[in-house]
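Visitor: Structure below; questions to follow.
Where a number appears in this text, it was derived from the coordinates with a stated rule and is not lab data. Small disclaimer: the values here were computed from a predicted structure and weren't measured. Cβ sites come from the backbone with ideal geometry, for glycine too, and all protein chains shown count toward neighbours.
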Amino acid sequence: MKITSVEPQKKNPKRFNIFLDGVFVFGADEDLVVDYRLIIGKEITPSDLEKLLKGSEIGKLMERMYRLFNIRQRSEKEVREYIRNLSFKRKLKDREEISEFATNSLIEKLQKKGMLNDLEFARSWMEARGKKFGINRIKQELYKKGINREIIEEVMNSEFRVQNSETVAENQLERKLERWKNLKPMEFRKKAFDFLLRRGFEYEIVKNIVEKIMEKG
């Protein structure tokens, strides 16, 4: 088989239609075209074609990843769950499911491009969530997103602890003062404790902040 045409797709110029012996066979992204030097006149063996078809599938998945990561950064677990759900939807439509090989190759490609990095994900998540929530809440969220304990502890110790959790907790509680100003002391204390604990602040921090606010009042 020989490549007879390499044509940019109308809807996505970064993907190309590859024709072998005058017949369209598969679509390829820029990476696949460059990596395999897909140029007119190149001979393609059956073995090459099998690799190219797998690469084409990964290229299609990468297009979805670009859109997904444009919304926000993702953890490896989130990507795997996304692909698993996509594969299940294909199964329901009697289409071929996404292979484990394709999933692992996609993960590897995302990591090589620097798009997928659980350590960086954890740092970004903590930086954003640390403005409103406490350490316990953020740890729980990261566990759910598949971030391992070592990464969480590394980021907590190196960055998050530097932030003043008491200041964040105090700021969050002060936003409630106007709404709770007519509560009796014991009722205020209970509401304040429940509010801050739900937001994941550690007990000692909650105790110190609530006592500090009540002394001011």
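Visitor: Taking Cα pairs under 8 Å and at least six residues apart, what relative contact order does the chain come out at, in percent? Spell out each step's value before the answer.
Guide: Values: 211 pairs, mean separation 30.0, N = 217.
Relative contact order of the chain: 14 percent.
Visitor: So which aspartates and glutamates pass the test for Lys181, namely a Cα distance under 14 Å, with those fewer than 8 places away in the same chain ruled out?
Guide: Within the straight-line limit of under 14 Å, Lys181 reaches these aspartates and glutamates: Glu215.
Visitor: How much length is gained if the chain between Lys113 and Lys91 is pulled fully straight, taking 0.36 nm per residue apart and subtracting their Cα-Cα distance, in nm to one decimal?
Guide: So the extension gain works out to 5.0 nm.
Visitor: In nm, give the distance between the simple-model label positions of Asn182 and Lys207, each being 7 Å from the Cα along the Cα-to-Cβ direction.
Guide: 3.3 nm
Visitor: Once the piece of chain linking Phe24 and Lys131 is laid out straight, how much longer is it, given 0.36 nm per residue of separation minus the C-alpha distance between them? Spell out each step's value before the answer.
Guide: Numbers: separation 107, 0.36 × 107 = 38.52 nm, distance 5.28 nm.
The span from Phe24 to Lys131 would gain 33.2 nm if fully extended.
Visitor: Separate question: Considering the dipole of the chain built from charges on the beta carbon (Lys and Arg +1, Asp and Glu -1) around the Cα centre, which of Val210, Ile135, Leu32 is farthest to its positive end?
Guide: Val210
Visitor: May I ask for log10 I(q)/I(0) of the chain at q = 0.16 Å⁻¹, from a Debye sum over the Cα atoms as equal point scatterers with solvent left out?
Guide: Log-scaled intensity ratios, in q order: -1.05.
Visitor: So, R0 is 22 Å and r is the distance between the beta-carbons of Arg64 and Ser124; what FRET efficiency does that work out to, to 0.05? Could the numbers behind the result be given before it?
Guide: Details: r = 21 Å, r/R0 = 0.95.
So, using R0 = 22 Å, E works out to roughly 0.60.
Visitor: With a point put 7 Å past each Cα toward its Cβ, work out how far Ile71 is from Val34 in nm, to one decimal.
Guide: Modelled inter-label distance: 2.8 nm.
Visitor: Using only the alpha-carbon atoms of the range 165-217 as identical scatterers, what base-10 log of I(q)/I(0) does the Debye formula give at q = 0.16, 0.21 Å⁻¹?
Guide: Taking Cα atoms of the range 165-217 as identical point scatterers yields -0.37, -0.66.
Visitor: Give the shape of the range 3-112 as rounded, prolate or oblate, defined through the alpha-carbon gyration tensor: a ≥ b ≥ c are the square roots of its eigenvalues, a/c under 1.5 means rounded, and otherwise the shape is prolate if a/b is larger than b/c and oblate if not. Can you show the working numbers first?
Guide: Values: a/c = 1.98, a/b = 1.69, b/c = 1.17.
Prolate, because a/c is 1.5 or more and a/b exceeds b/c.
Visitor: Provide the gained length on full extension for the span Gln140 to Thr4, in nm with one decimal, where the gain is 0.36 nm per separating residue minus the Cα-Cα distance.
Guide: Numbers: separation 136, 0.36 × 136 = 48.96 nm, distance 5.46 nm.
Taking Gln140 through Thr4 to full extension adds about 43.5 nm, to one decimal.
Visitor: Next question, about the same structure. Taking only the Cα atoms of the range 130-199, how large is their convex hull per residue, in Å³? Intermediate results must be reported in sequence, preceding the final value.
Guide: Values: hull volume 5.8 nm³, N = 70.
Hull volume over Cα atoms, normalised by residue count, gives 83 Å³.
Visitor: Turning to a different aspect of this structure: In degrees between 0 and 90, to the nearest 10, how far off the longest principal axis of the chain does helix 149-158 point, with axes built from Cα atoms?
Guide: Tilt relative to the chain: about 60 degrees.
Visitor: While we're looking at this one, here's another question. For the chain, what does the helix formula give at 222 nm: sum of -39500 (n - 2.57) over DSSP H segments with n ≥ 4, over the residue count, nearest 500 deg cm²/dmol?
Guide: Rounded to the nearest 500, it is -19500 deg cm²/dmol.
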